[in-house]
1. Compute, for residue B:77, the solvent-accessible surface of its heavy atoms (probe 1.4 Å) with the complete set of protein chains present, and express it in square angstrom to the nearest 10.
2. Based on the Cβ-Cβ distance of residue A:58 and residue A:15, what FRET efficiency does E = 1/(1 + (r/R0)^6) give at R0 = 60 Å, to the nearest 0.05?
3. Would you please give the residues with an amide H less than 5 Å from that of residue B:264, counting only those at least 5 places away or on a separate chain, with H modeled from the backbone geometry?
4. Total Å² of accessible surface buried at the B-A contact, 1.4 Å probe, nearest 100?
5. Amide H to amide H under 5 Å from residue B:215: which residues, 5+ apart in sequence or cross-chain, H placed 1.01 Å off N in plane?
6. Please list the non-local residues whose amide H lies under 5 Å from the amide H of residue B:224, H modeled 1.01 Å from N, same-chain partners needing a gap of 5 or more.
7. So if each residue of separation counts as 0.36 nm, and I subtract the Cα-Cα distance between residue B:286 and residue B:11, what length gain in nm does that give?
8. Kindly flag which residue pairs out of B:84/B:244; A:81/B:296; B:86/B:254 have an alpha-carbon separation exceeding 30 Å in this structure.
Amino acid sequence: MKALGSPQYSRELDTRNHDWAALIKRVADGDQSALNTLYDSTSRLVFGLILRIVTDRSVAEEVLLDVYTQVWRQASSYDSKRGAPLAWLMTIARTRGIDRLRSGKHEHQNKESLDAVGEFPSSSPSPEADSVAAEQRKLVRSALDSLSPEQREVIELAYYLGLSHSEIALRLGQPLGTIKTRTRLGMMKLRDVLRPALEGRI
Amino acid sequence: MTDRLKHDSVANEEQETAALYALGALSQQEARAFVAHLHEGCEACYAELQQFSDVVDELGVAAAPVAPPAHLRDLLTKRIEKEKSKARPEPRSVIPVAEKPSPIPRSPAPARLPLSRVLPWAAAAALLIAVMYTFTSWRSERQSLRAALEQERARAAEVADENVRLKEEAGQKSELSYELAQINSVLNSPQWRVVQLAGLEPTPNSSARVYWDVQGNRWVVTADLPPAPEDKVYQLWFVTPTEKISAGLITPDKTGHGFAVVPFPPNAAHLAAAAITLEPRGGSQQPTMPIYALGKVS
């Protein structure tokens, strides 16, 4: 099994995914302590994503509660064959975050630069348990770094703000065709860079 | 999108579409067209989409982790306690037949607006092309995908037929558009399923269909039933492995067409089937045999 990062990382990632999938199963059976454990293990990662999307802290807090409530309600719909537990959590978080963002009355128009939003320091130091997450983040960030700034920009606008290609084109003052090409090239690059890591997983 | 049904390798345009779809950045119309293309069985595009979806799955961890305030954990506990007191979750029972468990709705949730451009599902009123939520975020095996695609395509065709039939029926335009709006709201929701009920012994020609908004926890039901006798009424049932829960009454009009929107019960475990029986006026606590129409949840 090839992976960027060490073979140990792959093993730890598999273990972590296995553990979290087991927790989700227990949540589906009505075990609230399992939800608490899952929250303790994943909420920093999830909250970080939500904050990146909605930027407003109090809104992010509400969305975080919504996400884990949804996890409680829909734990039985999670199927590990279809994706990793964290991907499932992140999808829920992204969906609800963008939902809030687009239905919110105050759009943070002044936050033009996504970079300004990106780096929120953690208020507590990351414990050893987060080493897998740290490695994962390193991989994805280096993949994003491999993109041109223009490619990265369009993908981040689509991912974090949920903009359509035409909205992105409008926002950047670029022709639609340019936006589509940048997206395609950027996504292809990401796919190629992440391929070894992705292939190692099931 | 090109007119070709399938193609062996993907051209730039198709690749763009798959990448944009995975990101949720296509317009509704383009998303529908792409899904229609996938429904035609285009493996090349499906493979592209699968890979791009995997990439999108990874992007979430790029954001720096941030510890949420400690009090949120307590708030969450309180909220879950409330959920639990509203709904008594039962231990997951083993369903003999189902490969994939049906989602267990824990409590009724208010219907949410669909995020048509974040996770792009769409069902055009005109085209009624089925959209599979699974494409955007999940991988799936080829064989089950092919079977699922066939099923969804067949369902979409049936739904299209039904909507055409509804449109062609004379009169009651506002009722029809209300019904269509309800059906479309389910088809536009992030996770939906259709349960087809077939008529049994007493009324073999009757049928019904449940449009199940899984996330919004409701059923939108259309039915074709013979008129009920004076002192009787049709009743819908959520059938689980352990119990049958009333889903309310449904009354066909003069043409035999019945329509109902029902919230999903909070304490329902795995849904195994939907059923319709004939009950005394006012309905019953438990269904009276015989069953008039039955549809198993696959």
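The values are calculated or read from the model by the stated rules, or taken from the named source; none is laboratory data. Computed from a predicted model, the values in this text were never measured in an experiment. Here the Cβ positions follow ideal geometry from the backbone for every residue, glycine too, while neighbour counts run over all protein chains shown. Remember, those area values only see protein heavy atoms, side chains included, never the ligands or the DNA or RNA. Shrake-Rupley method; radii C 1.70, N 1.55, O 1.52, S 1.80 Å.
1. 40
2. Details: r = 35 Å, r/R0 = 0.59.
My answer for the efficiency is 0.95.
3. When sequence neighbours closer than 5 places are left aside, the close amide H contacts are B:218, B:219.
4. Values: alone 17050 and 12320 Å², together 22290 Å².
Using a 1.4 Å probe on protein heavy atoms, the buried area is about 7100 Å².
5. B:191
6. It is B:207, B:208, B:258, by chain and number.
7. On the way: separation 275, 0.36 × 275 = 99.00 nm, distance 5.78 nm.
Gain on stretching residue B:286 to residue B:11: 93.2 nm.
8. Working: B:84/B:244 21 Å; A:81/B:296 24 Å; B:86/B:254 39 Å.
Over 30 Å apart, Cα to Cα: B:86/B:254.
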